[in-house]
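One structure below.
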Amino acid sequence: MDWVTALPPRGDRIYNACLVLADIYSKAPMFSPCHKDDTAMDTAIIIWNKGISHTGLFQNIISDRDPKFTSKLWTNLHNLFGTNCHAQQLTSPKLRV
């Protein structure tokens, strides 16, 4: 999971970023327009609508150390769902599957 930011504004809601989710097994990407200043709650809603509702609950989420994923909201969501969030540097060789 990562963001593509600094995109030119597009669409009625003036999106300027894209949230990218990828299934490590099928390598299928999912893209969702968003705003670079979206909150942790905004991101959770996008992931629910674009990811979990289509593929089911993720067992693990691998992302960078963005404050959105180290916030109390994400900690509580992972505890509630019984999932794990692995915050690693994007250049980490462990991320290569």
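The values are calculated or read from the model by the stated rules, or taken from the named source; none is laboratory data. Bear in mind that the values here come from a model prediction, so they are computed numbers and not experimental data. Because the Cβ atoms are built from the backbone with ideal geometry, glycine has one as well, and the counts that use them run over all protein chains shown.
Some notes on this structure:
- For region 31-61, a tally of residues being touching a helix residue (DSSP H, G or I) at 6+ places or on another chain (Cβ under 7 Å) and either touching a residue at least 60 places away in the same chain (Cβ under 8 Å) or more than 20 Å from residue 83 (Cα to Cα) (or both) returns 2.
- Candidate set from region 25-48 (those that are out of contact with any strand residue (DSSP E or B) (no Cβ under 8 Å at 6 or more places or on another chain) and polar (S, T, N, Q)); member that is surrounded by the fewest Cβ atoms within 10 Å (Cβ to Cβ): 26
- The helices (runs of 4 or more DSSP H) found wholly in region 1-86 and carrying at least 3 residues that are modelled with pLDDT under 80 occupy 67-70, 72-81.
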